[in-house]
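The values are calculated or read from the model by the stated rules, or taken from the named source; none is laboratory data. Just so you know, these numbers come straight off a predicted model, no measurement behind them. Cβ: placed from backbone, ideal geometry, glycine included. Neighbour counts: every protein chain shown.
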Amino acid sequence: MFAAKLVCTKCGEEYSLACGVYKCTKCGSPLDVRYHYDDIADLIQDNDPWFREHPHVWKYWMFLPVSNLKKAVTLNEGGTRLYRAKRLEEKIGISKLYIKNEGENPTGAFKDRGSSVEITKALEFHAQKVIVASTGNMAASISAYGAKAGLKVTIVVPEGTPEGKLVQAKMYGANVEVFGKTYDEALAEAERRALEDGYYLTGNYHYRVEGQKTTGFEIIDQLHFNVPDWIVVPIGAGTHLRAIWKGLKEFYRIGLISELPRIAGVQIEGYDSIVRAWKTSKPIEKITKKVPTIASAIAVKAPVDGENVLKAVKESNGYLDTVTNEETAAAGLLLGREGLFVEPSSATSLALAQKMREEGIIDKGESVVIIATGHGLKDINTWSKVLTS
Ligand SMILES: [Zn+2]
C-alpha cells in the first residue's frame, strides 16, 4: 500500500491510517489521505500493460488506501462510458462535449466508487455493522456493498426521499430508518448512532473521497491522457468535486498529465450555500429554508466539503454557479435526446455548461466533460411530473 497518513484539510493535523477517526478531532474538518507519490510514479512509469488496461476503479489500486487487494469488496464499479455528444455540441456551440455517465455503475450512481473503498475499509477495521445518512443514492450504494461484504447496513434518510431509492436499499437487505426533514438532520443522527451504538460510519468521509477520485482518473484515461478544458460537476455534499480534483492533481504530480483542467461546480437553486460564498467572498452559510426542488440528490443545506469545493475551484481557476429547476428539467430532456436517461440532479451539469457557454465563460473551441451522476430510473416520479407539466 502506498497510502501514508491522514491530514486535516483545514488545520493540517496529521493522523495515522489506523486511527479510525471520521474527521479532524481538533477542528472538525474533513481529512485527506496522503500517499508516497514518488513510489507510485516509479511503479507506473513505462508500465505498458497498466496503460492498456481498461479503466475501472481498482485499476488505480496504487492510489487507493487498501492494504490487501484480495479483500477488496467490488461489484465491478467504475469503467463507466464517456460519450461524445455531437448533436449537443452543435446545439450548444461547444467543439467537444463529453458525458461521463455514472448511472452505469452497479447501483445506478457514482457513489459505488466510494462505497467499494469504504466498505473494504470497514472490513479492515473489523466492522460488523455500518450506518450511513443519505438522500437516497448513497443509501442504495452502501446497502449493496454492505450486502456483498456480509455486513449489516442501517440507512438514515430524510422524509421525502424518492421511493425508488428506498426500495432499492431494502432489496439489498438494509434496515431503512426515516429521520428528520433534511439530509443534514439525518446525517447528525447517523453520526450520533455511530458514536453511541458502535456502527462503522460511512458517508462523505476521506475513504469515500479515494474511491470517488477515480472518476477523474478515468476521464483522463479515456481521453488517452489528454486533458479537457473544463469538467462540470454537480455539488451535493461537494465530495465528488473535491475528489475529482484530488485525482487530477495526483495524475499531474506523478507526471501522467502536464496540465490541469478547470473545474466548474453547480448547485441547484435554493441550495446555493457554496455559490453564494464564492460570489460574495464570505464564509459558507448553511441554508435554513427547505425549498421545493427537482434535484433532491443535491439538495444539501450544509455541504460537508464546501470549503474543499471552494479550494478546488480557486486552485483550478474554475467556476461556480446555480441553475434553476426549469433549466435542469430542460437539460434532462436534451440528454434524453442523446439516448441518455439521467436523474434530475445529473442534468444540472449540462444546464450549467449551457449557461457558461451562453455567458462566454466557456469558449466555443474548448472541450468540456460533464458528469452525469445517476440513472434516470432512480427518480421517475420527478421526470413524470416534468413530462406532464
Ligand atoms: Zn483540523
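Filter the stretch 260-291 down to the residues that are within 22 Å of the chain's Cα centre (by Cα) and exposed (fewer than 15 other Cβ atoms within 10 Å of the Cβ) and list them by number. Walk me through it before giving the result.
Step one: list which residues in the stretch 260-291 are within 22 Å of the chain's Cα centre (by Cα), which gives 260-278, 284-287.
Across the stretch 260-291, the qualifying residues are E285, K286.
Could we say that K111 is away from the ligand (no atom under 16 Å from the Cβ) and closer than 22 Å to S349 by Cα here?
In short, yes.
For the stretch 28-43, give me each residue that is part of a loop (DSSP other than H, G, I, E, B) and at pLDDT 95 or above. Working first, answer last.
First, the residues of the stretch 28-43 that are part of a loop (DSSP other than H, G, I, E, B): 28-30, 36.
The one that is part of a loop (DSSP other than H, G, I, E, B) and at pLDDT 95 or above: H36.
Residue check, L82 against (1) touching a Phe, Trp or Tyr at 6+ places or on another chain (Cβ under 7 Å); (2) within 16 Å of the ligand (Cβ to nearest atom), all met but one. Which one?
Failing condition for L82: (2).
A353 - would you say it is more than 30 Å from C8 (Cα to Cα) and of a type in the set (G, A, S)?
Working: more than 30 Å from C8 (Cα to Cα): yes; of a type in the set (G, A, S): yes.
Yes, satisfied.
Quick one: how many residues across the stretch 165-178 are among the hydrophobic types (A, V, I, L, M, F, W, C), within 27 Å of I287 (Cβ to Cβ) and crowded, with 17+ Cβ neighbours inside 10 Å?
Pass one, the stretch 165-178, residues among the hydrophobic types (A, V, I, L, M, F, W, C): 166-167, 169, 171, 174, 176, 178.
The next check asks that each one be within 27 Å of I287 (Cβ to Cβ); those that pass are 166, 169, 176, 178.
If we keep only those that are crowded, with 17+ Cβ neighbours inside 10 Å too, we end up with 166, 169, 176.
Residues meeting the conditions: 3.
Please go through the stretch 238-259 and give me each residue that is over 20 Å from the mean Cα position of the chain (by Cα) and small (G, A, S), ordered by number.
G255, S258
Could we say that L97 is assigned to a helix (DSSP H, G or I) and in contact with a strand residue (DSSP E or B) (Cβ under 7 Å, 6 or more places away or on another chain) here?
On the way: assigned to a helix (DSSP H, G or I): no; in contact with a strand residue (DSSP E or B) (Cβ under 7 Å, 6 or more places away or on another chain): yes.
For L97, the condition - assigned to a helix (DSSP H, G or I) and in contact with a strand residue (DSSP E or B) (Cβ under 7 Å, 6 or more places away or on another chain) - is not met.
When the stretch 1-49 is examined, which residues are found to be near the ligand (Cβ under 10 Å from one of its atoms) and in contact (Cβ under 8 Å) with a residue 40 or more places away in the chain?
Those that are near the ligand (Cβ under 10 Å from one of its atoms) and in contact (Cβ under 8 Å) with a residue 40 or more places away in the chain: T9, K10, K23, S29, P30, L31.
Please go through (1) modelled with pLDDT of 95 or more; (2) closer than 15 Å to S349 by Cα for A295 and return the number of the only condition it doesn't satisfy.
(1)
Among the residues in the stretch 181-203, are any surrounded by fewer than 24 Cβ atoms within 10 Å (Cβ to Cβ) and under 16 Å from E102 (Cβ atoms)?
no
Determine whether F179 is in contact with an Asp or Glu (Cβ under 9 Å, 6 or more places away or on another chain) and assigned by TED's automatic domain parsing to the domain that holds L260.
Values: in contact with an Asp or Glu (Cβ under 9 Å, 6 or more places away or on another chain): yes; assigned by TED's automatic domain parsing to the domain that holds L260: no.
So F179 does not fit the description; no.
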